[in-house]
Every structure is written in structure tokens, then in C-alpha cells.
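Please read the structure below before turning to the comments.
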Amino acid sequence: MKRGETSLLPLEDAREAALFFVVGALCFLAALAALTAKSTYGAARAWTAEVEGEYTISLSDAAPQDAQAATLLVQSIEGVEGARLLSEAEISALLEPTFGSRGLPADLPVPRLIAVTAAPEAGDIGRALTATLETAGYTAAVDSHSAWAGDVRRMLGTARMVAFGIVALLASTAIAVIAFATHAALLARRDIVDVLHIAGARDRFIARLFERRFWLLGLRAGTVGALVALASVALLIAIARSSGNRSGLLPELTLDFPDLAILVITPIIAGLASRIAAGVTVMRALKSVM
């Protein structure tokens, strides 16, 4: 069997160098897309967990003592875990990304802000906050952070669908390329296959030769693609940590156990896909043509 394999499929084939590069590049892109999707999902979950149950109360035309009294009133509402009046320095820090370090003019009135945290089992207390403050005579606007979290969750669902679509497209492309290369290799060695048929070799035996060849090719190419993806992510992590500035809404790339599992599974999936594509292509070609 080894002699038959060597004569039918030589160990070195220059035509497979381009195929190796294509499969490796597709595995690199697929692994990178999977890692990005996982990091984006983790960042979005962490951000939504932080803002769930958070409210901001804006008090218009409220003196400092009135704002303090409103804060105490909010703390007494059922379902409120904590309430804190933001200082002018904290408000200026919130406005700095939009209006710069100078902030707003001193004569421009800025609403007093109260940061409210609801108890985990309280549910939505926005209406209770509004009703209590209006009954007490305050002009207040209650902003629930969960509304922003809902937008992030919808964006997260779309991003996951896009990432899965990209991975599926790359996998389909790799399978199509392997199938085309397998069929071309089979046609290039058609005379040898005819001789094997005359000698009594079955189609399943010939298909196994191609399956093993392309299984090893896919495994090697997938390994190279995964290693390049690992190096790319490590480089991005190093650049991000050296800069020190990162938006909380952007995914933070990591290399934890799930990430390493993705990189380990990538060459195995590439090898299996290559093996299946080669076997199916050879069996169909032998039954329909030879």
C-alpha cells in the first residue's frame, strides 16, 4: 500500500504549494474572526453587566442643598441600593470628551446629576423614581442605562451573526478549493488510477490515498494559519497595552483558555474538512467518470 501511495501521490508536489498557502490564509482569517467575535461578545457582556440597574437623574434648576435633599429622598425609595450626588468635578470629567478640558462656561447652568444603583431583584424602578421626585416638586429627568444596554445587545447579536457568516464563508471557500484541487490531482493521475482499477483496487482504497494526503495538508496549513493568528493577536495585545488607552466599548483582545482552544481546534477542523472534501470528490469522480 505504501508503494501504491508513493507512486500515485508523491510526497512532494509543487502544485500543492499554492493550495497550502490558500488554506493557511483561510484558516488564519477564520481563527482571527472567531477570536474577534469572542472578544467582542465578552466586552459587550461585561459592559452591559456594568450598566444594568444603573440610572442617572438630572435635576434642573436645583440648588446644592435641594440636590442633597433629593439624593436622600431617592435613597429612601424601595428598590434603590444606592444613590450618590455627582460633584462638579465629576460632571466636568463627563463633559470633557465632548467640550474639552475647559468644559462649559461658568455662567451656563449645568443640571445636578444623581447616580442611582438599583437592587438586583428590584427590576425597573425608573417610573418609581420619576413619580417620587415629581410628587416632591422636583423637575427631574430619569435616564435608564438599560436602554443603552439593549442597543448593545442588539448590536452584539448582529456582530455575532456577521462573525459566524464570515467563518462559514471561509470554511466553504476552503472546502471548495480543496475539492477543486483534489479533482485536478485525480485527473492528472488518471492513467495510474486506471491501472489500479485493472489490478483490482477499489474506489475506497484510492479515495483513502487522497483523503490522507489532503488531511495532512489541511492539518499543516491550519496549524500555520493558527500560529500566525496567535502571533497577530499577541502583537495587537502588546500594542494595546503599550498605548494604555482603550475605549470601554471596544473589545479587549486576550489569550485565555477559550482563545487557545479556538486556535487548537482550527487545524483539526481544517484537516477534517480537507479529508472529507477530498474523499467525497474522489468517490464522485470515480463513479461518474472512471
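We did not get these values from a lab; they are worked out from the coordinates using the rules stated. Computed from a predicted model, the values in this text were never measured in an experiment. Here Cβ is always computed from backbone atoms with ideal geometry, including for glycine, and neighbour counts include all displayed protein chains.
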Largest-first ellipsoid semi-axes for segment 113-180, taking √(5λ) over the Cα gyration tensor eigenvalues, angstrom
50, 10, 7
At R0 = 35 Å the Cβ-Cβ FRET efficiency linking Lys287 and Ala171, nearest 0.05, sits at 0.85
Sites Ala69 and Arg45, calculated FRET efficiency, Cβ-Cβ separation with R0 30 Å, nearest 0.05
0.20
Cα gyration tensor of segment 118-272 - equivalent ellipsoid semi-axes, whole Å, descending
58, 20, 12
If you find the alpha carbon centre of segment 116-143 and of segment 15-43, how far apart are they in angstrom?
48 Å
